[in-house]
Every structure is written in structure tokens, then in C-alpha cells.
Amino acid sequence: MGGEPQLFQHSNGVGGAFERPHPDLVSEPRALARASDPATSHEAAEWVAPRSGSQKAKLLVAHRAHRQQGLTDEEAAREAGLLGSGFWKRCSELRNAGLIAETGEQRRGSSGLMAQVCRITARGYVLTEEWVRAEG
């Protein structure tokens, strides 16, 4: 255990031992590959990006469809058919990954409270390109 960064923490869960990502990687997913890492590490980091059909992918596609006006997390979940699914966590993960970004605008949500509006980023748009093409 020299100077190498620890990527996983070992833990005992209900079903026994398992590995979970180090907290620094959860809060900053772009840290999955360092600039100095080989190309294979960067390819692996891209592999963990949202995949077509996942909740994050559905939310990202909703953001793509409404890229001009942007969406709140709740609006994105409604568009993606994910209301009541813990959508706010998935949206937070998309923001942390740099796939959607806050615009500084706010809109009132169903609770009556103001909510941040986000738009898909160029990186998020490129990622969804293949999915949209495949759906025809």
C-alpha cells in the first residue's frame, strides 16, 4: 500500500464482503481516469458512463429533447417516465459527470418550491447521439 491512490474501500455488506467506490470517486466521477493514465483507463472511464435504457440515459435523452429551454430534475423525470424513482440522485450524477449543467435559471416545481434548470452539455449531447439514432 505505497503511494498509489485507493480506488475502492472494502466493506462487509448484508450479503458479505464487497467493494464500493472510494468516496472521492463518487463525488467526482471525472477522477476515474487521470490525465496521466493510459488510453485503456480513459476507455474504461467512458464505459461506466450512462448506457442506453438506464435511468440516467432516459433522463439525459429527455434533456436532449428539451435542450433549448432546459429542464428541472422533476421535469426531466416526468419526460423520462421516472417520477417517484429517486430521479434526483440520477440527475445529480449526470451533473457530477458533466453531462448536464445548471443554467442559473429556476422554475417552480410541483411542490411550489423553485428548482434549478439544467441543460444538456456538449459532452452529454454527443453521448446520446448514438442512442437517438438507434431508436430511429
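Mind telling me which of the residues ALA49, ALA62 ends up being closer than 20 Å to ILE120 by Cβ, surrounded by 12 or more Cβ atoms within 10 Å (Cβ to Cβ), at pLDDT below 90 and among the aliphatic types (A, V, I, L, M)?
ALA49
Pull out all pairs, ordered by first then second residue, where Cβ-Cβ is under 6 Å, the residues are six or more apart or on different chains, the first lies in the range 76-98 and is at positive phi, and the second is assigned to a helix (DSSP H, G or I).
Taking only residues 6 or more apart or on different chains, the pairs are GLY98/ARG123.
Can you tell me how many residues within the range 123-136 are farther than 15 Å from ALA62 by Cβ, within 20 Å of the chain's Cα centre (by Cα) and not acidic (Asp, Glu)?
2
Name the residues in the range 114-127 that are in contact (Cβ under 8 Å) with a residue 40 or more places away in the chain and within 17 Å of ASN96 (Cα to Cα), would you?
Answer for the range 114-127, where residues must be in contact (Cβ under 8 Å) with a residue 40 or more places away in the chain and within 17 Å of ASN96 (Cα to Cα): GLN116, VAL117, CYS118, ARG119, ILE120, GLY124, TYR125, LEU127.
Is there a residue in the range 66-73 that is in contact (Cβ under 8 Å) with a residue 24 or more places away in the chain, in contact with a Ser or Thr (Cβ under 9 Å, 6 or more places away or on another chain) and over 16 Å from LYS56 (Cβ atoms)?
The answer is yes, given that some residue of the range 66-73 is in contact (Cβ under 8 Å) with a residue 24 or more places away in the chain, in contact with a Ser or Thr (Cβ under 9 Å, 6 or more places away or on another chain) and over 16 Å from LYS56 (Cβ atoms).
Filter the range 93-122 for residues that are of a type outside the set (A, V, I, L, M, F, W, C) and within 11 Å of LEU59 (Cβ to Cβ); which is modelled with the highest pLDDT? Spell out the reasoning first.
Our first condition is that a residue be of a type outside the set (A, V, I, L, M, F, W, C); within the range 93-122, this holds for 93, 95-96, 98, 102-112, 116, 119, 121.
Narrowing the set further to residues that are within 11 Å of LEU59 (Cβ to Cβ) leaves 93, 95.
Values: GLU93: 90, ARG95: 94.
The qualifying residue modelled with the highest pLDDT is ARG95.
Just to be sure, is ARG90 crowded, with 17+ Cβ neighbours inside 10 Å and modelled with pLDDT under 95? Give the derivation first.
Values: crowded, with 17+ Cβ neighbours inside 10 Å: yes; modelled with pLDDT under 95: yes.
So ARG90 passes the test.
Scan (1) at pLDDT 90 or above; (2) buried (at least 22 other Cβ atoms within 10 Å of the Cβ); (3) not β-branched (Val, Ile, Thr) for the single condition GLU79 breaks and write down its number.
Every condition holds for GLU79 apart from (2).
The values are calculated or read from the model by the stated rules, or taken from the named source; none is laboratory data. Just so you know, these numbers come straight off a predicted model, no measurement behind them. Positions of Cβ are generated from backbone atoms using ideal geometry, with glycine treated the same way; all protein chains shown enter the neighbour counts.
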